[in-house]
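Inspection log for the structure reproduced underneath, given as structure tokens.
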Amino acid sequence: MKSRRNFLKTAALGAATLSLDGIPAAAAARGTGRKPIVVSTWDFGIAANRAAWEVLAKGGRALDAVEAGVHVPEADPKNVTVGYGGYPDRDGHVTLDACIMDELGNCGSVAGLEHIIHPISVARKVMEKTPHVMLVGDGALQFALENGFKKENLLTPESEKAWKEWLKKAEYKPVINIENQSYEGKGTGATAYNPLRLPGNAWNHDTIGMVALDAAGNLSGACTTSGMAFKLHGRVGDSPIIGAGLYVDNEVGAATATGVGEEVIRVVGSFLVVELMRQGYPPEAACKEAVMRIVKKKPAKAKEIQIGFLALNKKGEHGAYCLHPGFSYACTTGVGEKEEVLIKGKYYFQ
Ligand code: ASP
């Protein structure tokens, strides 16, 4: 007789198959169970993954890899959506959000952090040095300074110029996929950016979310962003919220999100993706279900915004799904053209 447990497992797998609109569930699982492996959001993930790979290739821990990896876009002044050079809030402050999670379920987070170039490392310190998960605003800055982080000006002249341009109209009009605005299709990574080409009257976003599986078979993740450009001072998106912008469960898999954070928070997106993988969904199917949850709840809103989920399971299979065309993720399993690939996320709105 089928046990209740087995029955539930089979039922969930059946649901996964049905949800794929004709794509067999098995075919939707990318990756061959290879490890180590690192995946991260957007074109700039290629350069970030390379730094993560240096750690993974030496047999390093996934946690160290994702921290090193996301340092790349955080330090890149040309990347206007993460870290240094990120577009400021409505009042001209560059405020950063980040979180990190390891294979043991430890996690740390900072939100609305100013003046620190690597918010992900502050988040890691919160995880390792305090009994807390999250520090915000001035408290997060105070903690960072007490722990040896340097206070810096993160507003570049280019981002200041874009903000002043935006102030002329001060319209909150979302732009789907900042990379479609700035990326000419030549090469990949941060060098492809020209922030000056971005419209000054737009609301822009894009986060680096990175998840990795190390040689020991352990998963970790990191997520870091300057959030929505020209946001209200104090606005926090999904990226530093454990379960929304990032979630890791070492038994099952890890997931991260990018796009309009408010909608990701409402469905606790990354946690949802991991829980769906626990029920047997392949990564892409799990991401699709999470996207569909958003579409079902707010169909009109979903048409106007971009959201993408990216997932990696314990076997090293990965997948993504998003609302609109334009979302891609970087997947790295080594060094070289075949090992460092940019994969287009499938999308709902054709
Ligand atoms: N999720 C980020 C936020 O809402 C922005 C993005 O990834 O596009 O702050």
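Key figures for this structure:
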{"read-out": "Cα-Cα over 31 Å, subset of 164/303; 78/151; 125/314; 164/344", "value": "164/344"}
{"read-out": "Gyration tensor (Cα) of region 34-154, equivalent ellipsoid semi-axes in angstrom", "value": "24, 19, 11"}
{"read-out": "Mean Cβ count within 10 Å, highest first, over the residues of peptides 318-327, 211-220", "value": "318-327, 211-220"}
{"read-out": "Alpha-carbon centroid distance for the pair region 46-95 / region 268-285, whole angstrom", "value": "25"}
{"read-out": "Neighbour cut-off at most 15 other Cβ (10 Å), DSSP loop, GluC sites (Glu not before Pro), region 241-272", "value": "251"}
{"read-out": "Backbone N under 19 Å from the residue 262 label point (7 Å along Cα→Cβ), restricted to region 310-328", "value": "323-324"}
{"read-out": "Around residue 96: net Lys/Arg minus Asp/Glu count, Cβ-Cβ under 10 Å", "value": "-3"}
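Quick note: the coordinates plus some simple rules give every number you see, no bench work behind them. What you see is a predicted model, and the numbers here were worked out from it, not measured in a lab. Positions of Cβ are backbone-derived with ideal geometry, glycine not excepted, and every protein chain shown enters the neighbour counts.
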